[in-house]
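Structure, as structure tokens:
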Amino acid sequence: MTLVEDGPTTVLGTRLLRREDPALLTGEAKFTNDLVVPGALHMVVVRSPYAHAAIAGIDLDSALAAPGVVAAFTGADLAHLWAAPMPCAWPVTTDMKNPAHYPLATGKACYVGDGVAVVLATSEVAARDAAELVDVRYEPQAAVVDLEDALSDRIVIHPDLGTNKSYQWDLKIEGTPGQVDQAFADAAYKVSERYVQQRLIPIAMEPRAVCAVPQPFGGDLTLYSTTQVPHILKVMTAVTLGMPEHQLRVIAPAVGGGFGSKLNVYAEELLCVALALKLGRPVRWNETRSENAVATTHGRGQIQHIELAADADGKLTAVRVRLLADMGAYLQLVAPGVPLLGAFLYAGVYDLPLAYDFSCTSVFTTLTPTDAYRGAGRPEATYAIERAIDALADTMGIDPMELRQRNFIRKEQFPYTAMTGLVYDSGDHEAAAAKAAELADYAGVRRRQAGQNVPGATKLLGIGQASYFEMCGLAPSRVLASLNYSAGGWEAATVRVLPTNKIQVVTGTAPHGQGHETSWSMIVADKLGVSPADVDVLHSDTAIAPLGLDTYGSRSLPVGGVAIAMACDKVIDKARKIAAHQLEADEADLEFVGGTFSVKGSPDKAMPLAAIAFEAFTAHNLPDGLEPNLEAHTTYDPPNFSWPFGTHICTVEVDTETGQVEVLQYVAVDDCGVRVNPLIVEGQVHGGVIQGLAQALFEEAVHDGDGNLKNGSLIEYLVPAASEVPSLTLGHTVTPSPTNQLGVKGIGEAGTIGAAPAVINAVVDALSHLGVRDMPMPASPNTVWAAIQSAIGPASQGASK
Amino acid sequence: MVKICVTVNGTVHESEVEPRTLLVHYIREVLGLTGTNIGCDTSSCGACSIHLDGESVKSCTLLAVQADGRTITTIEGLAQGGEMHPMQQAFMQNHGLQCGYCTPGMVMAATSLLKENPSPTEQEVRTGLEGNLCRCTGYHNIVKSVLACAAGD
């Protein structure tokens, strides 16, 4: 008797090491500012030091006379080069106010960092020196920094609009008219909370860089940029400059992180292209970190009012949300849509009747424009509902985990049509929460807490939970259309079997740290029965991968990865025709296993893909009418969003004497459906959690009343170091997505979505017996200490001495 | 211009530099060794960490002229004979990098850390790397990589 051999193995689900790593680990990888471009001019942007100022005059003479300087321009000098204003692809309402703005400001500057002139020189040093000599006469005006002040229109930033209000977007859903008001009138319990989503600076470790290289003979141009969105950038650059799109090639070389901050069409990209065409020479620009802090988009920046109504059991009966969102000085590529990405999620993971009332008002300020930042709208929404649930539990005097369990959408309710009409395709919140509670020893921490948080104690224990649903994988194009998004949500893929049975995959995704080359090769290896090492993945160059919608919103795997699997299916279909022809068998009698077609029941009658690939190449003996070569292209428009979910639990100890918060343990249980490569999935969660934790405890872009960024360098802006954050405990559940053949969901933003509310819930939990009901972010020692003092009051302080 | 003589990755370079040239700019722009990255302008991020006479330094904190007569190793000089350094291998094995921009500096700092303290605790690794920022990994797998390298895994 022979032992049974291992069954069919698949590379899917294995912890395959990343093929991207050797080049990055040895310094071989080329980022945009590593490129050697002979003859390039270096551009430096002269930026406004005022948040709001009329530009009375610009004198370039001294700069032009400086050594190495080739040219210098003001906004007015270049005005004729723009065919259209800077693009905003998400006009969320028909009456949305969108101030026309151009790569260089003319007339007035509207934020510190707004570009007003450029200097081009033969070296970066010469350009920087000369930029110092540009003499701009500003007439400063009052800044608009506060969102509620902005809404008052006390000072109107863009006078031609007549208001600082960009738009109001409403989503009111009621089963019967007045149901929301009635639910609040009838509620046994209500909470009304105000939360501030502070402005954050994304800080991808690679600052932005651009290099535009005109090609000789014919007017073509190659734009290298540190972008997440080479395809979108190509279209928008062509539109904005009025240049033929087919003469523009965009390449994103190695890109050092993005987190949404490289999901934009930036002034410097358009300037480099326009000036390279104008001067007939390559033009490049490297951003400094301090420049990055003001010239690259910020994230978050919302004031949230959330009200919950609940019955006597704590079952939610209505949710009402009023949002005030900071757009900054001008609208960026997708900025108006960011609050909308959260608009559907303010009921979180809970079963809510048709009683939902959401309204968002967005305003302009004289600050750096905002746009997507990891999670974009969804971390904000999740924070509000998960903090408010804790507040409701506090009001009811029950454990917040118990309250969540009473409200979870149950496993058997999936697919679940939410009150918003969106269909949550799958989920099991109870399982994720139970697993997280077990890993965090929730009951044990509660017991320890009872012993530790006693009168007079100065080290207080707190535990906080956040359960989330993420709407990602943007998205069905028709749904995006209903939200007035100007683009679709499809993704393109080509799978090409070369004559020697090596595979080329062309993807429209644009990785910048996510390991797509590795994961996509695994999908193809699994489908076609080859080794991942035999699969090459091409991306991020619009001449090689002309179609795509790029990487953001946790869309790459559930849209782009699925597109690749579908293209593989088409390859297999064609290969089956060739195999049937050569084997003189019926197509229906062929099975494809492990890279070989064989006739069912006659395993000797077989033909491997390698042989088919060569037959397809020689085309000597193909079925009549079948085209030579073995490749297939797919453009996949998903039928639904992707709905990853999970529960995070954070345990902290708060020092009441210093206000210091120490994270004792952080547990994340995430469910992203089938995990293609758990190593990469875990890495995404790790990074996401620490970014969310950083919002909770460390980070905030702080402006003074004049609109100056007070912490615009990495000395003052607290991106946490290794010494300031904990190791993480991860768990997972697997609830496959029923809407795609791989069963996958996005995972890029989940960590960030779960972390901030879990951490703040823990901090508030530690202090709640002192009367602390909320904690502004970031919960710095100062803030925590002040909140404690405010809660216990001067009388108590005296009494405790 | 000032004449300097620096040994970089085993090769002696004689160059003329402006006195104000930072070492990192010399390494990147004069020597063309672009594996050493620039992530900030305040000596905060550590992306430009190299070894100067065997010790990790941020190459933006020195002028090129201060390297005169000294020996430098950059990330390009770490692998030997086509084999990645054990620290580079540990980062790969433990998924200690994502976008890879902080990675050369992180690896140089980590190798220097283990030279000073061959068997660090997790906390010692975290403290030892506090001058190097990463935005992708949350440090979890970086710490794991360094501990694995120290353990010879």
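Overview of values
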quantity: Filter result for the condition that a residue is surrounded by fewer than 21 Cβ atoms within 10 Å (Cβ to Cβ) and at pLDDT 95 or above, over A:A450, A:A466; calculated: A:A450
quantity: From B:E55, B:E83, B:E76, B:E116, residue being under 19 Å from A:S723 (Cα atoms) and of a type in the set (D, E); calculated: B:E116
quantity: Any chance A:G314 is away from every other protein chain (no Cβ under 14 Å) and small (G, A, S); calculated: yes
quantity: Count of the range B:135-153 residues which are facing chain A (nearest Cβ under 7 Å) and either in a helix (DSSP H, G or I) or touching a helix residue (DSSP H, G or I) at 6+ places or on another chain (Cβ under 7 Å) (or both); calculated: 8
quantity: 2 or more residues at pLDDT 95 or above and over 30 Å from A:P38 (Cβ atoms): qualifying strands (runs of 3 or more DSSP E) within the range A:173-270; calculated: A:189-200
quantity: Search result, residues across the range A:19-30 that are buried (at least 23 other Cβ atoms within 10 Å of the Cβ) and touching a residue at least 40 places away in the same chain (Cβ under 8 Å); calculated: A:E20, A:L24, A:A29
quantity: Inter-residue pairs, beta-carbon under 6 Å, first assigned by TED's automatic domain parsing to the domain that holds A:V669 and among the basic types (K, R) and in the range A:452-471, second in a strand (DSSP E or B) and surrounded by fewer than 24 Cβ atoms within 10 Å (Cβ to Cβ), 6+ apart; calculated: A:K459/A:E653; A:K459/A:D655
quantity: Residue list for the range A:319-334, restricted to those being in contact with a Cys (Cβ under 7 Å, 6 or more places away or on another chain) and small (G, A, S); calculated: A:A325, A:A329
quantity: Strands (runs of 3 or more DSSP E) wholly inside the range A:485-538 containing at least 3 residues that are over 29 Å from B:G96 (Cβ atoms) and not polar (S, T, N, Q); calculated: A:491-497
quantity: Pairs where the first residue, in the range A:574-585, is touching a residue at least 60 places away in the same chain (Cβ under 8 Å) and the second is assigned to a helix (DSSP H, G or I) and not acidic (D, E), C-beta under 8 Å, 6+ apart; calculated: A:A575/A:L609; A:A575/A:I612; A:A575/A:A613; A:A575/A:A616
quantity: Where a residue in the range A:249-267 is within 14 Å of another protein chain (Cβ to nearest Cβ) and its partner, wherever it lies, is among the aromatic types (F, W, Y) and assigned to a loop (DSSP other than H, G, I, E, B), with Cβ under 7 Å and at least six apart; calculated: A:G256/B:Y101; A:G257/B:Y101; A:F259/A:Y373; A:G260/A:Y373; A:G260/A:Y552; A:S261/A:Y373
quantity: Total residues in the range A:85-118, condition more than 27 Å from the chain's Cα centre (by Cα) and surrounded by fewer than 16 Cβ atoms within 10 Å (Cβ to Cβ); calculated: 1
quantity: From the options A:D181, A:D129, A:D149, A:D153, residue that is in contact (Cβ under 8 Å) with a residue 40 or more places away in the chain, out of contact with any Leu (no Cβ under 8 Å at 6 or more places or on another chain) and of a type outside the set (V, I, T); calculated: A:D129
quantity: Residue pairs meeting the criteria (Cβ under 6 Å; at least 6 apart or on separate chains; first touching a residue at least 12 places away in the same chain (Cβ under 8 Å), in the range A:472-492; second part of a loop (DSSP other than H, G, I, E, B) and acidic (D, E)); calculated: A:S477/A:D637; A:W490/A:D637
quantity: Failed item, numbered, when A:E148 is tested on (1) under 23 Å from A:R320 (Cα atoms); (2) among the acidic types (D, E); (3) in a strand (DSSP E or B); calculated: (3)
quantity: Boolean, A:P67 is within 14 Å of another protein chain (Cβ to nearest Cβ), modelled with pLDDT of 95 or more, surrounded by fewer than 19 Cβ atoms within 10 Å (Cβ to Cβ) and part of a loop (DSSP other than H, G, I, E, B); calculated: yes
quantity: Conditions (1) outside any loop (DSSP other than H, G, I, E, B); (2) more than 30 Å from A:V338 (Cβ to Cβ); (3) out of contact with any Ser or Thr (no Cβ under 7 Å at 6 or more places or on another chain); (4) not β-branched (V, I, T); number of the one not met by A:A29; calculated: (1)
quantity: Selection from the range A:114-141 of residues that are closer than 12 Å to A:P49 by Cα and of a type in the set (A, V, I, L, M, F, W, C); calculated: A:V116, A:V136
quantity: Within the range A:135-162, tally of residues that are under 19 Å from A:Q302 (Cβ atoms), out of contact with any helix residue (DSSP H, G or I) (no Cβ under 9 Å at 6 or more places or on another chain) and surrounded by 15 or more Cβ atoms within 10 Å (Cβ to Cβ); calculated: 6
quantity: Residue among A:A388, A:A432 that alone is within 29 Å of the chain's Cα centre (by Cα), surrounded by 20 or more Cβ atoms within 10 Å (Cβ to Cβ) and outside the structural domain of A:T729 (by TED's automatic domain parsing); calculated: A:A388
quantity: The range B:23-49, residues that are more than 8 Å from chain A (Cβ to nearest Cβ), touching a Cys at 6+ places or on another chain (Cβ under 8 Å), buried (at least 21 other Cβ atoms within 10 Å of the Cβ) and not β-branched (V, I, T); calculated: B:L23, B:G46, B:C48
quantity: Any hit, the range A:313-326, residues being in a loop (DSSP other than H, G, I, E, B) and crowded, with 24+ Cβ neighbours inside 10 Å; calculated: no
quantity: Residue that is nearest to the other protein chains (Cβ to nearest Cβ), among those in the range A:268-290 that are of a type in the set (K, R) and within 27 Å of B:G105 (Cβ to Cβ); calculated: A:R289
quantity: Pairs where the first residue, in the range A:712-738, is in the same structural domain as A:A433 (by TED's automatic domain parsing) and more than 23 Å from A:P778 (Cβ to Cβ) and the second is hydroxyl-bearing (S, T, Y) and assigned to a loop (DSSP other than H, G, I, E, B), C-beta under 6 Å, 6+ apart; calculated: A:T735/A:S426; A:P738/A:S426
quantity: From the options A:L354, A:L308, residue that is more than 21 Å from the chain's Cα centre (by Cα), surrounded by fewer than 24 Cβ atoms within 10 Å (Cβ to Cβ) and more than 14 Å from every other protein chain (Cβ to nearest Cβ); calculated: A:L354
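The values are calculated or read from the model by the stated rules, or taken from the named source; none is laboratory data. Everything quoted here is computed from the prediction, not taken from an experiment. All Cβ positions, glycine included, derive from the backbone under ideal geometry; neighbour counts span all protein chains shown.
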